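The values are calculated or read from the model by the stated rules, or taken from the named source; none is laboratory data. All figures in this text were calculated on a predicted structure; none of them were measured in a lab. Remember, those area values only see protein heavy atoms, side chains included, never the ligands or the DNA or RNA. Shrake-Rupley method; radii C 1.70, N 1.55, O 1.52, S 1.80 Å.
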Amino acid sequence: MISSIPDFSLFVPEIIRDEVERNLPDNLAKDFYRLISSSHKIIFGPLYTVSRELFEKYCSKEGLKTGDALIAAFAESCQADILVSDNRDIYEKLQVDAFLTMTAKQFLSTYYKGTIWQEIHKLRQRELSR
């Protein structure tokens, strides 16, 4: 799916890759790495590229844990349009103008309904009007 969508890349912060790896049974780890290596559009990002200022901005958001703040700062630093997470603290509590937050189910539903680009367009229009 990722490779077939023009103008689409998946940015994966190291912290997420490491967490998935830690929680996967050993027999699935090879499949996980095969999946994430299957497309040049899946990009891993080191978290050290996130500025302290941006990280602190998200640390000050009520209800976000340190790791969640780091992920949100990463999303903004790579100019992501959508932060996809099933972490309730992110998709329920994080209200920002820099990107949309969706659960995996919401993202796939929006994509398959064909409205994902309209959502991104609305986001970009809000950014321009600021």
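Every Cα-Cα pair in segment 1-49 was counted, and those over 12 Å apart are 66% of them. Note on the chain: with neighbouring protein chains present and a 1.4 Å probe, carbon and sulfur make up 51 percent of its accessible heavy-atom surface. The shape of segment 80-130 can be summarised by an equivalent ellipsoid whose semi-axes, obtained from the alpha carbon gyration tensor, come to 18, 16, 6 Å from longest to shortest. The spacing between segment 6-26 and segment 92-124, judged by their C-alpha centroids, is 19 Å.
Which value, in Å², gives the accessible area per residue of segment 1-120 when a 1.4 Å probe is used on the protein heavy atoms?
Roughly 64 Å² per residue, with all protein chains present.
Computed with a 1.4 Å probe over protein heavy atoms only, the accessible area of residue 8 comes to about 40 Å².
A cut-off of 5 Å between modelled amide H atoms, ignoring neighbours fewer than 5 places along the same chain, links residue 82 with 100.
Counting only helical runs of four or more DSSP H residues, what would the 222 nm mean residue ellipticity of the chain come to if each run contributes -39,500 (n - 2.57) and the total is spread over all its residues? Calculated mean residue ellipticity at 222 nm is -16000 deg cm²/dmol.
Classify the chain as rounded, prolate or oblate from the Cα gyration tensor: take a ≥ b ≥ c as the square roots of its eigenvalues, call it rounded if a/c is under 1.5, otherwise prolate when a/b beats b/c and oblate if not.
Oblate, since a/c reaches 1.5 and b/c is not below a/b.
Separation of the alpha carbons by more than 31 angstrom is noted, of 30/105; 30/93; 41/122, for 30/93.
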